[in-house]
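Data first, discussion second: the structure below is written as structure tokens.
The values are calculated or read from the model by the stated rules, or taken from the named source; none is laboratory data. If you're wondering where the values come from, they're calculated on a predicted model, not measured in any experiment. Counting neighbours? That spans all protein chains shown, and the Cβs are built from the backbone with ideal geometry, glycine included. Note: accessible area is taken over every heavy atom of the protein model, side chains too, but ligands, DNA and RNA are not part of it. Shrake-Rupley method; radii C 1.70, N 1.55, O 1.52, S 1.80 Å.
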Amino acid sequence: GAELYSLQDLHNQPILLVFPAVQVPTAPADTALDRSLTFTESSSSINKFQAFVRALESERSASAASALSANDFESVIFKQFPQLGKIAARLRKFDAGVRMSGSGSTIFALFESEQERQNALSNLSGDRVVKGCRLIEASLVSRGGYQRLWRRQLAEHLVPFKEDSWPPHSRYER
């Protein structure tokens, strides 16, 4: 865990975020998961994660690699909050890479094209499974795009910087 390697930027892909009116507290979710860092299947999980990273590297596509992704909280949270599981299942019908964010409750779907996302949005309009949910369109952001956004939003708090320096430094840093 001490070595980090950057991956190439992924292709820009459309995302749909579904924010249900359900709040999932993290501490009870973590307790329900009942895992330590050295749980029995940790070797298998590491191998699956490595396959996921290799797919990200070779395909440069989050949706292509999503079949290899996992969120261990999903099995626990979807039992406690069946609506979240139903939302994820509905989104999977659109051939999207679907996962829950962290311990929940946001569900996100990665699409190959804007048209696929628009098709999903049209089909979800009036769907009882997502009734009361906020649906927000988003997209992946490149590393450079993220850095530009970050610098622009926090410019007044940063020490003057060269465009290619990262991370920027706070003017309040001692």
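Per-structure values
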item	result
With eigenvalues of the C-alpha gyration tensor scaled by 5 and rooted, region 68-168, Å	33, 17, 13
Per-residue SASA entry for Arg117, accessible area with 1.4 Å probe, Å² rounded to 10	10 Å²
Loop-exposed GluC sites (Glu not before Pro) per DSSP, neighbour cap 15 Cβ within 10 angstrom, longest uninterrupted part of the chain	42-162
Heavy atoms of Asp34: accessible area, 1.4 Å probe, square angstrom to 10	130 Å²
